[in-house]
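What follows is a short report on a single structure.
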């Protein structure tokens, strides 16, 4: 089924994915090599309390489009593989959906992306933003981590102040995120989702029982790894897990990007 969806899919991506375009300003926490270039292999910076400092502007590693997949930007466009398909590393038999979810997945594939929320300027949501292609900025404090996503001008709060998760949280696209440190890894649990989001662009669905676990680990100055586990017992019979590789943009910043509700491109999409 995955191959059929790939062949039919018109990848819906926006033209606002260009790199940030502010005047270049090196992050002072990034050391330099002898030639003045940033030393991205240096040890990860740490905060005053000894935790790895995840702060910085980050961009996901991108791959060429799979065979049969087209993007409005052209054949040379690249995109993080898990933004396209969160099951990219799984064998077909490992993705076990409940019947209602399997039917919805097929229906979304047959729409050739027209039904994708991002085609209508709706939020991308978590966990898809972990794998999105525009950059995002992490700002870390002892009690709160803030993530500013260039995509749609979205923000996210991860609370580190010891509060508990809310079992009946108001359903949202982004969910409600609680974080804690496990050694040098930031562990984030997010619940409180609505059931409107797509996990990826091929249309994997989720329910309001979605529970996303993320493990952020900064390997060194220039490299961040995010291990994502999706648990949704109403939709999937086993978890979906992937590892997103992210690189630092040491002298860049975010630019303004908004998606308007009068989007006109979707009417021109073709199967």
*Has the range 152-166 got any residue that is closer than 29 Å to residue 97 by Cβ, surrounded by 13 or more Cβ atoms within 10 Å (Cβ to Cβ) and out of contact with any strand residue (DSSP E or B) (no Cβ under 6 Å at 6 or more places or on another chain)?*
yes
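Looking at 163, 156, 143, 201 in this structure, which one is touching a helix residue (DSSP H, G or I) at 6+ places or on another chain (Cβ under 8 Å) and over 25 Å from residue 88 (Cα atoms)? Talk me through it step by step, then tell me what you get.
On the way: 163 fails: touching a helix residue (DSSP H, G or I) at 6+ places or on another chain (Cβ under 8 Å); 143 fails: touching a helix residue (DSSP H, G or I) at 6+ places or on another chain (Cβ under 8 Å); 201 fails: over 25 Å from residue 88 (Cα atoms).
After applying the criteria, what remains is 156.
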_The conditions are (1) buried (at least 16 other Cβ atoms within 10 Å of the Cβ); (2) assigned to a loop (DSSP other than H, G, I, E, B); (3) at pLDDT 90 or above, and residue 59 fails exactly one of them. Which is it?_
(2)
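Here are some residues: 215, 243, 238. Which one is touching a helix residue (DSSP H, G or I) at 6+ places or on another chain (Cβ under 8 Å) and either under 30 Å from residue 98 (Cβ atoms) or not in a strand (DSSP E or B) (or both)? It would help to see each step written out before you state the result.
Details: 215 fails: touching a helix residue (DSSP H, G or I) at 6+ places or on another chain (Cβ under 8 Å); 243 fails: touching a helix residue (DSSP H, G or I) at 6+ places or on another chain (Cβ under 8 Å).
It is 238.
Residue-by-condition table, conditions (1) at pLDDT below 85; (2) out of contact with any strand residue (DSSP E or B) (no Cβ under 6 Å at 6 or more places or on another chain); (3) exposed (fewer than 13 other Cβ atoms within 10 Å of the Cβ); (4) over 22 Å from residue 126 (Cα atoms):
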residue	(1), (2), (3), (4)
15	yes, yes, yes, no
30	no, no, no, yes
50	no, yes, yes, yes
66	yes, yes, no, yes
76	yes, yes, yes, yes
84	no, yes, no, no
93	no, yes, yes, yes
100	no, yes, yes, no
_Of all residues making up the range 130-149, the number that are out of contact with any strand residue (DSSP E or B) (no Cβ under 6 Å at 6 or more places or on another chain) and within 28 Å of residue 120 (Cβ to Cβ)_ = 2
*Residues being buried (at least 20 other Cβ atoms within 10 Å of the Cβ) and within 15 Å of residue 239 (Cα to Cα) - total across the range 201-217*: 6
_Test set (1) within 21 Å of residue 248 (Cβ to Cβ); (2) part of a helix (DSSP H, G or I) - residue 118 fails condition number_ = (1)
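Can you pull out the residues in the range 31-47 that are touching a residue at least 24 places away in the same chain (Cβ under 8 Å) and closer than 18 Å to residue 144 by Cα? If you could, list the steps in order and put the result at the bottom.
As a first pass, look at the range 31-47 and keep what is touching a residue at least 24 places away in the same chain (Cβ under 8 Å): 31, 38-45, 47.
Within the range 31-47, 45, 47 meet the criteria.
Taking the conditions exactly as written (farther than 25 Å from residue 218 by Cβ, within 21 Å of the chain's Cα centre (by Cα) and buried (at least 21 other Cβ atoms within 10 Å of the Cβ)), does residue 125 satisfy them or not? Before the answer, list the steps.
Details: farther than 25 Å from residue 218 by Cβ: no; within 21 Å of the chain's Cα centre (by Cα): yes; buried (at least 21 other Cβ atoms within 10 Å of the Cβ): yes.
No, not satisfied.
Would it be correct to say that residue 36 is over 28 Å from residue 173 (Cα atoms) and either in contact with a helix residue (DSSP H, G or I) (Cβ under 9 Å, 6 or more places away or on another chain) or not in a loop (DSSP other than H, G, I, E, B) (or both)? Please lay out each step first, then the result.
Working: over 28 Å from residue 173 (Cα atoms): yes; either in contact with a helix residue (DSSP H, G or I) (Cβ under 9 Å, 6 or more places away or on another chain) or not in a loop (DSSP other than H, G, I, E, B) (or both): no.
So residue 36 does not fit the description; no.
So, in the range 178-198, exactly how many residues are within 30 Å of residue 109 (Cα to Cα) and in contact with a strand residue (DSSP E or B) (Cβ under 7 Å, 6 or more places away or on another chain)?
Going residue by residue through the range 178-198, those that are within 30 Å of residue 109 (Cα to Cα) are 189-198.
Filter once more, keeping what is in contact with a strand residue (DSSP E or B) (Cβ under 7 Å, 6 or more places away or on another chain): 189-194.
Count: 6.
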_Matching residues in the range 172-189 - criterion: being part of a loop (DSSP other than H, G, I, E, B) and surrounded by 14 or more Cβ atoms within 10 Å (Cβ to Cβ)_ = 173, 174, 175, 184
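The values are calculated or read from the model by the stated rules, or taken from the named source; none is laboratory data. These figures come from a predicted structure and were not determined experimentally. A quick note on method: Cβ atoms are made from the backbone with ideal geometry, for glycine too, and the neighbour counts reach across all protein chains shown.
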